[in-house]
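The values are calculated or read from the model by the stated rules, or taken from the named source; none is laboratory data. What you see is a predicted model; the values in this text were computed from it and never measured. For neighbour counting, all protein chains shown are included, and Cβ atoms are generated from backbone atoms with ideal geometry for every residue, glycine included. Accessible surface areas use protein heavy atoms only, side chains included; no ligands, DNA or RNA. Shrake-Rupley method; radii C 1.70, N 1.55, O 1.52, S 1.80 Å.
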Amino acid sequence: EKYGVSVSTIQRHLHSILSTRIISKDKEVVVLMDATYWGHNFGVLVFKDAKRGKILWRKFLDRKEVLADYLEGVEWLEQHCFHIKGVVCDGLRGLPQALSRYKVQYCQFHQVKTVCAYLTRNPKTAAGIELRGLAKMLCHTDKESFVGALDEWYEQWGNFIKERSKEEKTGRMTYTHRRLRSAYFSLKHNMPWLWTWYDYSEIGIPNTNNGIEAMNTDLKTKLRVHNGLSKRHRMLFIDEYFRQHFNR
């Protein structure tokens with residue numbers, strides 16, 4: 001009313017504004033990387049500087065993320081002269097191997113969630129109860145103590161997780177405690193990347209992705225207030241959220 005301009009005109013001007021990507025001047029970075037989703041057809045993959053909290057790169061997704069998306073982000077950082085001293089990532093299969101030229105830390109919190117998902121909240125066996133308790137210590141202990149405790153667990157329960165039984169329907173012999181085996185071998189498989197923060201403490205790599213998980217949770221909370229936004233408007237909202245909160 002004050003300026004004699006309609007609502008649709010104001011909206012048209014706002015929609016024409018392009019978010020400017022601010023490239024950090026700080027070129028030595030430890031990168032937190034993670035994707036978050038709203039439904040099955042919309043998400044955003046984000047790279048965040050663990051030391052300074054700045055958003056380094058983002059990519060909107062209309063499907064589940066794949067290795068190529070992460071490699072695209074890494075290539076963009078390299079093209080803009082960033083020196084990646086380390087990365088922290090979650091459980092996308094093959095991602096630590098794909099980023100092997102860097103110091104890779106597999107998020108310990110994500111590893112704990114994986115083990116607990118296999119074992120459930122109430123494991124039925126003593127071996128499961130012990131392994132779940134051991135896994136929950138992962139974020140709160142040192143490498144030598146954890147590796148030693150896991151080796152002791154396997155020495156006690158190794159034969160137990162090798163037990164086989166016949167399936168009634170197929171008659172095939174399968175492992176009796178498959179979920180317990182999966183939980184244990186998940187820890188063993190990821191062990192080379194669970195302690196990078198400990199082996200290279202001088203770099204300052206976090207042991208979890210909590211710095212980016214907390215951001216994603218806050219972003220989802222704020223977007224939930226605006227459930228009716230179109231996809232384009234959500235993208236504008238997310239870009240502005242990153243710019244306002246993390247690129248000052």
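Round to a whole number: what % of the accessible area of the chain belongs to carbon and sulfur, probe 1.4 Å?
52 percent
Distance in nm between label sites at Phe185 and Ala117, each 7 Å beyond Cα in the beta-carbon direction?
Placing both labels 7 Å beyond Cα along the Cβ direction yields 1.7 nm.
Please report the spacing between the Cα centers of the stretch 144-176 and the stretch 178-236 in Å, no decimals.
29 Å
Springs between alpha-carbon pairs under 10 angstrom, Gaussian network model over the chain: which of Val112, Val29, Val225 fluctuates most?
Highest fluctuation among the options: Val225.
For the chain, modelled as a Gaussian network with Cα springs under 10 Å, which listed residue fluctuates most, Val31, Val147, Val87?
Val147
So what is the relative contact order for the stretch 107-248, in percent, with contacts set as C-alpha pairs under 8 Å and at least six apart? Walk me through the intermediate numbers first.
Working: 91 pairs, mean separation 35.4, N = 142.
Relative contact order here is 25 percent.
Counting only C-alpha contacts under 8 Å and six or more residues apart, can you give the relative contact order of the stretch 1-68 as a whole percent?
Numbers: 73 pairs, mean separation 15.5, N = 68.
Relative contact order for the stretch 1-68 comes out at 23 percent.
Pop out the Kirkwood hydrodynamic radius of the stretch 8-140 from its pairwise C-alpha distances, inverse of mean 1/r, in Å to one decimal. Intermediate values should be presented prior to the final figure.
Working: mean 1/r = 0.0578 Å⁻¹.
Kirkwood radius, the stretch 8-140: 17.3 Å.
Could you tally the net charge around Gly148, taking each other residue with its Cβ under 12 Å from the Cβ of Gly148, Lys/Arg +1 and Asp/Glu -1?
Within the 12 Å Cβ shell, the charges total -4.
Would you mind telling me the antiparallel percentage of the DSSP bridges in the chain, rounded to 5?
Roughly 65 percent of the beta bridges in the chain run antiparallel, per DSSP.
Ignoring ligands, DNA and RNA, what accessible area per residue does the chain give at 1.4 Å, in Å²? List each step's numbers first, then the result.
Details: 14380 Å² over 248 residues.
About 58 Å² of surface per residue is accessible.
Dipole of the chain (Lys/Arg Cβ +1, Asp/Glu Cβ -1, origin at the Cα centre): which of Val7, Ala117, Ser165 lies farthest to the positive side?
Toward the positive end, the furthest listed residue is Val7.
With each run of n ≥ 4 DSSP H residues scored as -39500 (n - 2.57), what mean residue ellipticity at 222 nm is computed for the chain after dividing by its residue count and rounding to the nearest 500 deg cm²/dmol? Mind dumping the intermediate values first?
Working: 10 runs with 120 residues, N = 248.
-15000 deg cm²/dmol, from helical runs alone.
So what's the Cα pair-distance distribution over the chain, bin width 5 Å, in %?
1, 5, 11, 14, 14, 13, 11, 9, 7, 5, 4, 2, 1, 1, 0, 0, 0
Placing +1 on the Cβ of each Lys and Arg and -1 on the Cβ of each Asp and Glu in the chain, which of Tyr198, Met137, Phe246 has its Cα farthest towards the positive end of the resulting dipole?
After comparing all options, I get Phe246.
Treating the beta-carbon of each Lys and Arg as +1 and of each Asp and Glu as -1, no other charges, what is the dipole magnitude of the stretch 98-184 about its Cα centre, to the nearest 20 debye?
The calculated dipole for the stretch 98-184 is roughly 520 debye.
Counting pairs of alpha carbon atoms under 8 Å apart in space and at least six apart in sequence, what relative contact order in percent does the chain give?
21 percent
Work out which GluC sites (Glu not before Pro) in the chain are exposed loop sites (DSSP not H, G, I, E or B, at most 14 other Cβ within 10 Å) and give the longest gap free of them.
By the stated rule (loop sites, at most 14 other Cβ atoms within 10 Å), 2-162.
Taking the Cα centre of the stretch 51-97 as the origin and placing charges on Cβ (Lys, Arg +1; Asp, Glu -1), which of Gly53, Val88, Leu77 is farthest toward the positive end of the dipole?
Going by the charge dipole, the pick is Gly53.
Roughly how many debye, to the nearest 20, is the charge dipole of the chain about its Cα centre, given +1 on each Lys and Arg Cβ, -1 on each Asp and Glu Cβ, and no other charges? Could you put the intermediate results ahead of the total?
Numbers: 40 positive and 27 negative charges, 176 e Å.
Magnitude of the dipole: close to 840 debye.
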